[in-house]
Each structure stands twice: as structure tokens, then as C-alpha cells.
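Every read-out reported here was derived from the displayed coordinates using simple, explicitly stated rules and does not represent laboratory data. Since the structure is predicted, the reported quantities are computational estimates derived from the model, not experimental observations. Counting neighbours? That spans all protein chains shown, and the Cβs are built from the backbone with ideal geometry, glycine included.
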There are 2 protein chains.
Amino acid sequence: MGLTSDQIFERPAPGRDREARTVSFQVEPGRYRHWQLTVDGAVATLAMDVDEHGGLQDGYELKLNSYDLGVDIELYDAVQRLRFEYPGVRTVVLTSATDKIFCAGANIRMLASASHAWKVNFCKFTNETRGGIEDASANSGQAYLAALNGTASGGGYELALACDHIMLVDDRSSVVSLPELPLLGVLPGTGGLTRVVDKRHVRRDLADYFATRPEGLGAPKAAAWKLVDEAVPRPEWDQAVAERAAELGSRSGRPADAPGIALTPLAKRREDDHIGYRHVSAALDHQAGTATITIAGPDQDPPADAAGIQAEGAAFWTLALTRELDDLILDLRTNELELGTWVIKTAGEPARVLAHDRLLLDHAGDWLANEIVHYLKRTLKRLDVTSRSLIALIEPGSCFAGSLLELALAADRTFMLSGTFEDAGPDAEPAAVTVGPMNLGPLPMGNGLTRLQTRFSGDDAALAAARDAAGRSLDAAAAERLGLVTFAPDDIDWDDEIRIAVEERASFSPDALTGLEANYRFAGPETMETKIFGRLTAWQNWIFNRPNASGPDGALRRFGTGQRAQFDRKRV
Amino acid sequence: MGLTSDQIFERPAPGRDREARTVSFQVEPGRYRHWQLTVDGAVATLAMDVDEHGGLQDGYELKLNSYDLGVDIELYDAVQRLRFEYPGVRTVVLTSATDKIFCAGANIRMLASASHAWKVNFCKFTNETRGGIEDASANSGQAYLAALNGTASGGGYELALACDHIMLVDDRSSVVSLPELPLLGVLPGTGGLTRVVDKRHVRRDLADYFATRPEGLGAPKAAAWKLVDEAVPRPEWDQAVAERAAELGSRSGRPADAPGIALTPLAKRREDDHIGYRHVSAALDHQAGTATITIAGPDQDPPADAAGIQAEGAAFWTLALTRELDDLILDLRTNELELGTWVIKTAGEPARVLAHDRLLLDHAGDWLANEIVHYLKRTLKRLDVTSRSLIALIEPGSCFAGSLLELALAADRTFMLSGTFEDAGPDAEPAAVTVGPMNLGPLPMGNGLTRLQTRFSGDDAALAAARDAAGRSLDAAAAERLGLVTFAPDDIDWDDEIRIAVEERASFSPDALTGLEANYRFAGPETMETKIFGRLTAWQNWIFNRPNASGPDGALRRFGTGQRAQFDRKRV
């Protein structure tokens, strides 16, 4: 019943700070410590029930359903499993196991004592999970109903904002609030500001008032201002929640009786300089500051039909690979801050990658095929917002085709070997890339465009040429001409060019690289999602870094001490 | 010949730090120290010729046409005067008075020694000026031609990016570059990253390479990658520039022979607690941290026609008011960092405001009427990106109608008195607001929407209702019902409500307020302009604030010392 610290934290990596424990993102419902997941026909209930003593680190208690990364890791796991393991679920009711308090948001003592990098990483992951909730609703037919049976403050209210419909109990004491600014001197960091005005269309002057009022607003006013969808008196609560859950679910195209597939534990090996899964591996070079990630293509042809995907379940290549890549991204982002450059390689048969892609797209109406494609989409989006330089290497034997070509298109820079390596045999095939249907729509970025559209933003002819080349195996010269790769050195220059690019990257300011990449990766239009990751997050990071928040006399550090924060009053 | 420090800096304000000199934004061509402005028919040439010893502060020399705020204040002045004083100019050639170097960008020693607030303010103003160049081209028929007769690096290249067409001399030594990241550990801070990918549509991986290459790219490759529009050999330079200037100008609808109007010096009085102009005044309360800005409506009816506007020239109310407000915003932003809340009032006859608006819009085809409206638009945009809390007070005797209603719509919160003040006579008129044509299109925000559209984003019915009310004098109850004001207290509550709102604002973290407002003010779509002010600027501010840039061992501080920066290698 619950997860011990030893289970959340993997063993310390040898040769590193004894205190630096490795955070694991792998969990399962039987080990949840903070959530109760129950499924009743088409309605699942996810009730927050945070164990005060179950914090990921020492030094704080998770009172009032406040959360830290560990709580959110379980939430992420539950949202994922609901999509894959419970295809019959049409509505997820997000509520609290305790009346009076839904959720008090991110734990303040945790935030106050956390390093800057931890805070930023934590906010990014929670943002991704809330985006995943909206994705489940938009693309999976699983609606989320926030049933606020008590106060939802700060991140608690932001969690509700990610849901389709918000009900707040009208009991004269429960409120919704965003107290971050007045109490802590920071912003609501998980999309709150953006969703209030851009999703719920609260008028901005009312939103301003709301975000400066630590005591929040009760149900009647919150409903009048559109901060919640309805205010429900306590006696009518259970019936109203049940009715709304049924109504939301009635709009879903989710299958009534499909069996789910089990998201079985990942086979993962983690050492100081290596992380290995079935299809994905990473070589960690702490000296050079790099992680070299290699993704293996399918070692067999795909099954014949959707039933075959279902039969393979979590072992189906695309799903297995995506789960491994997802876990690796989270692991490296959280545990390996000094590995600033990720070098991405693939190895395998391009035809088999394309065959798996085709199977999924041919059965796009199948619930499981649909889930797998959207999960791959979300995982690639996670890469897009990762603060690491991404360099893709396309070599002979690689399989950057279709879904895996997205990895190269997500990279900041791509090198493709022109010809073959000198030591290869005379029959060696040169490196090739193939544009496939997966590159032309099903895997959009957060800005709503495909990576190809973003890459050729404003250059329709180049985009059309890349599209026209779909299905053809392209050598380095063709790929360079089409603008699919950055540079195409030959064997003589390859090693030096890569070495220089990687060493150079490691010599630059890590912060400036993060800013550069956060701007260049999102050319073109902005969406609510990119605004949350770009505009809101950047401002929050700035504020987190300012003495007025995180200095010894700042609001975040002084919260709960009885002392008022001392502000440098200059407006910047 | 040039401006002395005494002229740029106004006298020290009494009772404040003797070193704290007040920066003035008022200048005129006869006093330029850094630019040569020549006009020859339809072509003006603005040649950068920075006086090394003309820096705004001590401690750095403006070598290689590098710039500081003083240089940019002159540029802003020139761009403004070209629009108002030279209606016949159709092309502005931006070049350097010295071959080999166009502009080396912002002065590094200035940046390295500047306070965080100064850096942020400096970048904001330079961004606004570059946006103004694009506005002149888009809305005034004055095209800008960047004639790079030598190297344009960093901010120098970013200045070129704001132009319609970029020519780079092909002489084997002149380059364009963005060396900020590799040399200084910061970002190109004046829109460079955004314009490279979103305006010039440079492919993002090439843009990435370019921004990590301190030596930049020469003309042939820069042209091939779309970083410049053409590479021109030195012998053909003068003729090519002249041809291109003529071509760009040929697309303009600018009048051939209209006389300009003189932007005469503003009558300004500045004291420690008061700034006064003809129509605008500000009471500065350093204790409370507020500036109370009062804008007087027109004291007479407008002239009958466009010729009348021309005859009044700089004295025409809308233009005079806009110039004063523009100067006041810049003055307070730069010189009064601790006045965190601006309380905005108006006083005058709403009918006269609306009559001035109508005259301008009835003659929208007139070059001067067009200029005035766009200048008002730009000035209101300056307010939108100002990091101060804006509170509008609508009281009896105020004239928040049409163009002046935009000030209330720009505010974070608006209070309107319901009824009259108790001490007013029995015949006193209650406060009123009027929506006018100026609120329905001519004054869009940076996001491309009007302030009303932004306010009612996603609520078409509310927007339609506000539109339908246009032309009617609305009392507090009507304005509140229509969502045009935030709160409408009566005389009994008025003083307390305002006092509490202002005091409360002053008690919050200044940084968190800046972040909150930067998010709430830009609901709805994003544009290149909002991306520059929101996404890029926020990341740059974060980076400026990080030890890797601005710490004693950071790249910005170490530049030019011969010592390499010491980076904390953690990626955040």
C-alpha cells in the first residue's frame, strides 16, 4: 500500500554525490501512494489522497493534498493507463478523497527548498501531464471532469483548468484560487494564467483581480466569472457529478467493450554511464556532457491487422519504443542535468519502420492504434520542449524513416553521411532517409504544425518538394537538397565535423542554448500549448531566478515563516 | 555638432542619488551625435556614425558603431521625424558612414556593467524602435533598405532584420553574424531569433548554426541561406543601392509633394514629484510607488478638415497628446523604476475627443491623419508592454471616449464611479465612457486584435454588445454590464477601494506582477511582435539574470578580459 522512498528513488549512481538519488518515473496503480483509481463501467474516478509523509524528498510534508513530483508521476501514470488499459472509460472524474480540500497545489516548502533546475523541471513535467489530460479529451474520447469537492488552490485549480468541465461545491467555504502571486511572489506555473484567459475566456481584468486575491472566490462568483462551469450545493453534489460524468461520456466515440492492454513494467537497466531498454539505449558521457541515444527499429515485420497490434500489446514495437523513449527523456531531463547534448541515432530496417507506421495509420479508427500514434506524438512534443541540444546523426544502417525521421526533424542540427564509411565493405549501403505519411500530419508539434511544416515555414515550395519525395529512399545529396538535413559531410570529414559540433555545443552557455532552442524550435504560429511552454514558462523561470522570489528574503523562502518578504521594488 | 552629456541627461532630481541622472528621450537632428540624416528627394539616407566618446554613461567607448541607449534614442527620433517631417520620403537607406563596419551591435561593456533593469529597458526600447521601422514600412509607405556596406553583427544585424530588404557588400571580409550566444552567453535580444525564422524564413537548423558561429557568414552564403536578400560586389555597390532604393520607393503610395510638419520641442517640466506637459501631467508619489497620470482632452473643437490638421501641425491635440504620452512613458519606464503602479485619469469633454477621432478617421487617406493614428497606435502598444501595473480611474469630468478609452482598455484594472461624488453639486454629471470608432479597428495591439477584441476574446456576444453600444454615453452601471470596466463602486466605497487596490499592488512582488501582466495582457493569438516581446524577451531576461551570463565569471562579464567564462553546466 504505497511506495517507499527506496522504490521511487533508484540506487545512487556510483561515483557521484551520495545524496544525488535517481528519480524513477516508473510506477503502477498497485503502488500508488497518493491517488485512488477506481473504474466503474464508463466512468473512472481518480481521487487525490496525498500521503503527507510520502514526499519524494525529505524536509516537507504534503499536507492538504499538496503535491510534489512524486505525486505527479503517479498522476501521469494513471492518465496513461486510463487510455491504454481502460478503453471503455469515457469520463474521468478528478476529485479528492477528502471533502473540504481538493488540492492545495504544489508544495511550497518543496518549492522553496528546491534548486532552480528542479523547480523548472518539475513545472515542465506537470505542464506536460496537464497537456496530456487535454489530449485524452481531444483525441481519445476520455473527458475529464474536475469535481472540486473542496478548495482548489494554485496548482490544484490549474489541474482543474486542464479538465473539460469544472464543478465546485457551493458550501460557503470551498474556493478556487491562484494565490501564487500574492503569497509566494511567483506565477501560477502550470498554465493557469494562459488557460484562464485563453481557454476559459475569463476577462483579463477579472482574471487579474482573481490572481491577486489569495483567499480566492467561492462557487457563485467563480461560476459568474467563468472560473468554474457550475456551482453545486453539497446535498446535490453526488447526483450532479454522476449526471455530468454521464453527459460528458455520452459524447465519446470510445468503444464500449474493447479489452485494454496492460502497460507491463519496462525492462530497464540503469548504470552510471548507460541506460538500456529493449529498443532504446543511451550511452552517457559525463566528461563530454553528452548522451548518445540509439533507437532500434523493429526486428520483425508488423502484424497483419489491428487485432495483431492488440495481441502484441505493450510489446508492439511502436508502443514499446515510445514508452522507452518517454521514460528515457524524463530520466535524462531529471537526473542528468549536465548532459547538455543528446546525440540521436537509429539502427534498423527503414522498411519495417514504415510498415509499422502504415499499419497504425491504416487502422487509425482502431482505439489502440489511435492511442499509440497520439502517445508517440506526445513523446515527440516532450522532446521539443526539452532543454537539451539535439543533434541527429544519420549513418549507414540507420532507419530515419517516417515516425523515426521525426527525431531528426526535431533535432537542432542533423548530420547525414554522404556515401559510406571507408572501412565498410564494397557492398555497403549508404545512409538514407525516407519521408512517410507519419511526417505529413499525424504527429503535430505543440504549435499545431508538423515538424516539416515548421521546418519549411514560409517556404511552401520546399514543403511541397519534401512531400513529393515521400516514399523514396533519399541519399545524403537528395536529403540535403530537399533541406531535410543540415550538413552532409563525407567519410573524410565526418568524425571531425561531429566532434567539433558536439564539443562546441558543450562550450556554450547552457542557459543561452536553452533560450535559443526554445525560440527556434517554435517558428510559426503559437497555440495555448506553446504559450504555456514559451511565454508563461519563460517568465516563471525568470521570476524563480530573482531574489524577490528565491533570495533569502524572497517571498517563496519567507512563506510560512511569519516574516514578510523584502522586495527590491524596482520594476523590471 | 553633437549632444553633450549634459543635454542627454537632465539635471539630477533633488533629494535623490547625485549619480542618478535622468535620461531624456528628447533630441533633434541638429544635435545628433551618432547619425547622419540626409534627404534627397524620395530617398533619405540614415548613416550610422557613432561617436566613440558619446556614450550615455561613463566606462565604455562606442567603438565600431556599437550603440547604447543614447544612439538608439537618436535613431528613434530620426524614424519618427522621417514620417512626420518628410512625407515625400519613400525609401530610407540605413547604412554606415564608414565602409567595412555597418554596426557592431549593442556595446558589450555597457551591457556587462549595466544593471538588470537597465538591460531589460534598453532591449525593450530598441525592440520598439525596430518595430517602428517595420510599422513605417507597413503603414506609412516608407520602405527601409539595409545597405550593409560592412559587417553587421549582433544588434547591427538585428537592425537590418527590421528592414524590408537587406543588401550585404560582397568583399570577402564583411559578414552578418549573431555572436551573442557563443561570445556573450546571451541571446540576440532585439528580435533577431524571431525575425530570422518567422520573417525571413531561414530554416531553423541553419539558423541554429548561424547563431553559434561568432565569425558570421559572408555575403554569398548569407544570401543563399536567406539571411540577406542580395550580395553585391563593392564596385557595383553604389549603383545597386540607388536602384534598390528607387524600386522599393516605387511601391509607395506616399504623396510626392506634401509639406511635412515640424515636430517642435515638447514643453516639458520635470521635478522630483511632478512631470508636466501641455496636455499630460504626472504626479509622482515615491512613498506610495505610484505615478498618477492625467490626460487632458482637447480644449477646443477640432479643425474642419485635413488642411486644418496640417495647419495645426504638432499642436493638433491628438498628435500633441501622443508625443507627450510617448515621452512620459519612456521617462517613467527608464527613470522611475520604483513607481510600480500607474494610475491613469482623464479630464475633459468626451465629445471633443470623439470629434478629433472622427476627423482623423474621416481623413484616413490623408498622409498626416494616417501618421497620427499610427503613432497613437504605437504609443498605446508601448503602454501594453510596459512593466507597470496600470489602473484606470473613471470619474465625473473624465473623457474616456474613443481614443482615450483605449487607455482604460489597456489597464489591468478599471474603476468607474457609480453616480457622483457626494460633494459635487446637484447638477453634476456622473462619469461616462463612450465606445467610438477608434476602439473598433484603427488601434490594434501587437497581437493584431483591438483591445476590445482581446478583452472579449472567445466571447463574441460580449464583443458585439460593446460594439452595438458605440456612440452612446454609458454610465457606470451600463459600462459594468457591458464588461468595459472592472468595478463600479459608489462614492461611499470609492476612496477605500482605490486605496486598497493601489496599496495592495505596491505590496506584491514587482517581478511576479511583471510576469502576470505580460501574460494576461496578450490573450488570444500571437504574432511575430508578441513573440519578440513575450517569448524571446522573457528568455533573454532569464538569461540576463543567470550567473552564466551576468555573474562575476559569466560570459558577459568576462568578454574582452582574455579569461574564458566559467559555466555551471547544468541545463535548466
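List the aspartates and glutamates whose alpha-carbon lies under 17 Å from that of B:Lys531, not counting same-chain residues fewer than 8 positions away? Straight-line reach from B:Lys531, under 17 Å: A:Asp198, A:Glu517, A:Glu526, A:Glu529, B:Glu128, B:Glu134, B:Asp135, B:Glu158, B:Asp198, B:Asp384, B:Glu517. When chain B is described by a simple charge dipole with +1 on each Lys and Arg Cβ and -1 on each Asp and Glu Cβ, the residue from B:Leu46, B:Ala461, B:Gln287 located farthest towards its positive end is B:Leu46. Across the options B:Thr318, A:Ser509, A:Thr561, the greatest Cα extent toward the positive end of the charge dipole of the protein assembly as shown (unit charges at beta carbon of Lys, Arg, Asp, Glu) belongs to A:Thr561. Tell me, what is the FRET efficiency for B:Gln36 and B:Arg358 to the nearest 0.05, using R0 = 51 angstrom and their Cβ-Cβ distance as r? Rounded to the nearest 0.05, the efficiency is 0.80.
Pull out a ≥ b ≥ c, the square roots of the eigenvalues of the alpha-carbon gyration tensor of region A:194-323, then state rounded if a/c is under 1.5, prolate if not and a/b is larger than b/c, and oblate in the remaining case. Cα axes put region A:194-323 in the oblate bin.
Compared with the direct C-alpha span, the chain from B:Ala464 to B:Glu429 gains 9.9 nm at full extension, assuming 0.36 nm per residue. Descending by average beta-carbon neighbour count within 10 Å, the peptides A:467-476, B:143-152 line up as B:143-152, A:467-476, the highest first. In this structure, the amide hydrogen of B:Tyr67, modeled 1.01 Å from its nitrogen in the peptide plane, lies closer than 5 angstrom to those of B:Gly105, B:Ala106, B:Asn107, counting only residues at least 5 positions away or on a different chain. Think of each Lys and Arg Cβ as +1 and each Asp and Glu Cβ as -1; about the Cα centre, that makes the dipole of chain A roughly 2460 debye.
Each residue of region A:349-425 gets 94 Å³ once the volume of the Cα convex hull is shared out per residue.
Going by average Cβ density within 10 Å per residue, which order do the peptides B:229-236, A:368-375 take, highest to lowest?
Numbers: B:229-236: 15.0, A:368-375: 22.1.
The densest-packed peptide leads the list: A:368-375, B:229-236.
For region B:255-329, the relative contact order works out to 28 percent when only alpha carbon pairs closer than 8 Å and six or more residues apart are counted. Calculate the tail of P(r) for region A:450-547: the fraction of all Cα-Cα distances greater than 20 Å, expressed in %. In whole percent, the long-distance tail amounts to 59.
The same position A:Ala258 in the other copies lies at 6.4 nm from this copy, comparing label points 7 Å beyond Cα toward the beta-carbon, shortest first. Extent of chain B along its three principal axes (Cα atoms, max minus min coordinate, largest first): 80, 57, 48 Å.
Stokes-Einstein at 37 °C, 0.692 mPa s, Kirkwood radius from Cα pairs: D for region A:243-398 in µm² s⁻¹? Walk me through the numbers before you get to the answer.
On the way: Rh = 17.1 Å.
My calculation gives 192 µm²/s for D.
Per residue of peptide A:104-117, the mean number of Cβ atoms on other chains within 10 Å of the residue Cβ is 1. Computed from point charges on the beta carbon alone (+1 for Lys and Arg, -1 for Asp and Glu), the dipole magnitude for the protein assembly as shown about its Cα centre is near 760 Debye. Label-point spacing at B:Ala311 relative to the other copies reads 9.3 nm, in ascending order, each point sitting 7 Å out from Cα along Cα→Cβ. Averaged over the residues of A:178-187, the number of partner chain Cβ atoms lying within 10 Å of the residue Cβ comes to 4.
Comment: the Cα-to-Cβ extended label point of A:Glu247, at 7 Å, lies 6.2 nm from its counterparts in the other copies, nearest first. Farthest towards the positive end of the charge dipole of region B:144-245, among the residues B:Ala147, B:Pro188, B:Val169, is the Cα of B:Pro188, using unit charges on the Cβ of Lys, Arg, Asp and Glu.
Equivalent-ellipsoid semi-axes for the protein assembly as shown (Cα gyration tensor, √(5λ), whole Å, largest first): 48, 39, 27.
Write down the percent of antiparallel bridges among all DSSP beta bridges whose residues are both part of chain B, to the nearest 5.
Working: 23 of 67 bridges.
In chain B, DSSP labels about 35 percent of beta bridges as antiparallel.
Placing one identical point scatterer on every Cα of region A:22-158 and ignoring solvent, what is log10 I(q)/I(0) from the Debye formula at q = 0.12, 0.21 Å⁻¹? At q = 0.12, 0.21 Å⁻¹ the computed log10 ratios are -0.44, -1.37.
Measuring nothing but how far apart in sequence close Cα pairs (under 8 Å, 6+ apart) lie, relative to its length, chain B scores a relative contact order of 11 percent.
Using a cut-off of 27 Å between Cα atoms, the listed pairs A:Lys570/B:Lys268; B:Lys100/B:Lys226; A:Lys345/B:Lys226; B:Lys199/B:Lys377; B:Lys124/B:Lys570 include A:Lys345/B:Lys226; B:Lys124/B:Lys570 as exceeding that distance.
Based on the Stokes-Einstein relation at 37 °C and a viscosity of 0.692 mPa s, and on the Kirkwood radius from alpha carbon pairs, region B:162-205 is assigned a translational diffusion coefficient of 271 µm²/s. With both residues required to sit in the protein assembly as shown, DSSP beta bridges show an antiparallel share near 35%. The packing ranking of peptides B:81-89, A:564-572, B:531-539, highest mean first, is B:531-539, B:81-89, A:564-572, where packing means the average number of other beta carbon atoms within 10 angstrom of each residue.
Write out the GluC sites (Glu not before Pro) in region B:498-567 meeting two conditions: DSSP loop, and at most 14 other Cβ atoms within 10 Å of their Cβ.
Here no GluC sites (Glu not before Pro) fit, given the DSSP loop and packing criteria.
In region A:252-406, the DSSP beta bridges split such that about 50 percent are antiparallel, to the nearest 5.
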